[in-house]
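See below for the structure under consideration.
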Amino acid sequence: MKKNKLTVKDLLEKKGKQKLTELYVTNALEAYASEQAGIDILIAGFNKETLRTGAPTNKWFRDAHISDIRKAAPNTFMIYGISQYSSKEQAIDGALAARDNGADAVYCGNSPPYIEALRKEGLPAVSHIGLIPYKSTWTGGFKAVGKDADSAVKVYQDALAYDQAGAIGLEVECVPDRVAEKITKNVNLLTLSMGSGPNCDVEFLFIQDVIGTNTDKVPRHAKVFKNTNKSYEKLLDDTLEGVKNFITDVHNKEFPTSENIVAIEDEEYEKFLNRIEKLWM
């Protein structure tokens with residue numbers, strides 16, 4: 001049965017009523033499998049110049065063209081990560097490019113005024129609080145944020161600011177579960193838990209962690225639900241074997257055979273020879 005793609009309105013109406021799921025994907029296979037499995041939301045990287053994800057992927061795939069991911073999951077709410085911009089105008093341009101290439105919303109890591117500018121243009125945006133990897137120097141590196149009262153209040157205030165700016169969602173990364181729960185109850189936007197406990201609106205992971213293709217250590221907040229590395233390794237082995245067999249058969253003159261060629265009747269071939277002979281006369 002064809003899946004109906006959720007809208008921003010649909011998602012916001014599910015807040016407090018239904019737990020949602022989200023995955024970060026980097027290629028068409030991951031996107032297709034996620035949609036078929038029933039995922040609610042997908043997010044992918046987006047570079048408006050190259051139209052590629054530009055994202056770190058697993059060892060089996062390079063970054064993908066964004067259209068391949070969109071086509072692979074046409075009926076899933078899709079967020080494109082446009083990251084950060086140096087001006088609101090650039091952020092709007094990036095979000096418009098994302099929308100024109102199939103995005104239903106964008107991830108923008110800028111401050112609340114940027115999110116407000118996007119909202120005024122009718123461009124749904126998600127942002128980020130807690131542990132923000134590319135801003136982690138301000139919070140002491142790659143570690144949880146909000147474990148003491150002062151930092152917890154700062155995270156809470158950030159959430160309120162993004163909510164007031166009109167964000168539709170907020171990635172809450174590595175924040176204590178009770179702090180994340182309090183934020184979730186006091187904002188209108190959707191909270192996307194990345195290692196922030198079970199009480200946010202959306203549970204969010206990178207698919208590489210879910211299927212075991214992450215080449216780095218699996219973070220504590222994630223879980224390998226199915227390790228697919230052996231499947232990829234077998235696929236690689238089978239592919240290598242197939243290519244080697246092709247090369248060997250060609251060298252041994254065992255390919256192509258009569259089964260692989262287009263034949264011409266003897267009579268027609270003789271006519272052909274006669275005609276081309278006359279071409280040289």
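Values in this text are rule-based calculations from the coordinates and carry no lab data. Keep in mind it's a predicted model, so treat the numbers as computed, not measured. Note that each Cβ is placed from the backbone with ideal geometry, even for glycine, and that neighbours are counted across all protein chains shown.
Give the average over all directions of the projected area of the C-alpha convex hull of the chain, one decimal, in nm².
Taking a quarter of the hull surface, the average projection is 23.4 nm².
Given the options VAL250, LEU279, THR239, identify the residue whose Cα lies farthest towards the positive end of the charge dipole of the stretch 233-279 (+1 on Cβ of Lys, Arg; -1 on Cβ of Asp, Glu).
LEU279
Give, rounded to the nearest 20 debye, the magnitude of the charge dipole that the chain has about its Cα centre when Lys and Arg contribute +1 at Cβ and Asp and Glu contribute -1 at Cβ.
Charge dipole, the chain, about its Cα centre: 1280 debye, nearest 20.
Distance check, please: which entries in LYS71/LYS143; LYS14/LYS120; LYS3/LYS230; LYS135/LYS223; LYS9/LYS71 exceed 27 angstrom between their Cα atoms? Spell out each step's value before the answer.
Working: LYS71/LYS143 36 Å; LYS14/LYS120 23 Å; LYS3/LYS230 30 Å; LYS135/LYS223 25 Å; LYS9/LYS71 23 Å.
Result: LYS71/LYS143; LYS3/LYS230 exceed 27 Å.
Regarding the stretch 176-281, what whole-number volume in Å³ per residue does the convex hull of its Cα atoms give?
Each residue corresponds to 254 Å³ of Cα convex hull volume.
If one takes the longest principal axis of the Cα atoms in the chain, at what angle in degrees, from 0 to 90 and to the nearest 10, does the Cα axis of helix 88-100 lie?
The two axes meet at around 40 degrees.
What is the dipole size for the stretch 233-279, taken about its Cα centre, with +1 at each Lys and Arg Cβ and -1 at each Asp and Glu Cβ, in debye to the nearest 20?
280
Enter the angle in degrees (range 0 to 90, nearest 10) between the Cα long axis of helix 149-165 and the first principal axis of the Cα atoms of the chain, meaning the one along which they spread out most.
Computed tilt is about 70 degrees.
If you take every DSSP beta bridge whose two residues both sit in the chain, what share of them, in percent to the nearest 5, is antiparallel?
For the chain, the DSSP antiparallel bridge percentage is about 5.
What residues qualify as long-range amide H neighbours of HIS128, i.e. H under 5 Å apart, gap of 5 or more or another chain, H built at 1.01 Å from N?
Counting only residues 5 or more places away or on other chains, the set is GLU171.
Order of LEU6, LEU23, LEU235 from fewest to most other C-beta atoms within 10 Å?
Placing the least packed residue first, the sequence is LEU235, LEU6, LEU23.
Around GLY45, which amide H atoms from residues at least 5 apart in sequence, or from another chain, sit under 5 Å from its own amide H, with H modelled in the peptide plane?
Excluding prolines and chain starts, which carry no amide H, the hits are GLY81.
Would you mind counting up the charge near ILE92? Only other residues with Cβ under 11 Å from its Cβ, with Lys and Arg at +1 and Asp and Glu at -1.
+1
Explain nothing, just the number: relative contact order of the chain, from Cα pairs under 8 Å at least 6 residues apart, as a whole percent. Before the final figure, lay out each step's value.
On the way: 458 pairs, mean separation 40.2, N = 281.
Computed value for the chain: 14 percent relative contact order.
Across bins of 5 angstrom width beginning at 0, how are the C-alpha pair distances of the stretch 233-279 distributed, in whole percent?
5, 17, 12, 13, 12, 12, 9, 7, 6, 4, 2, 0
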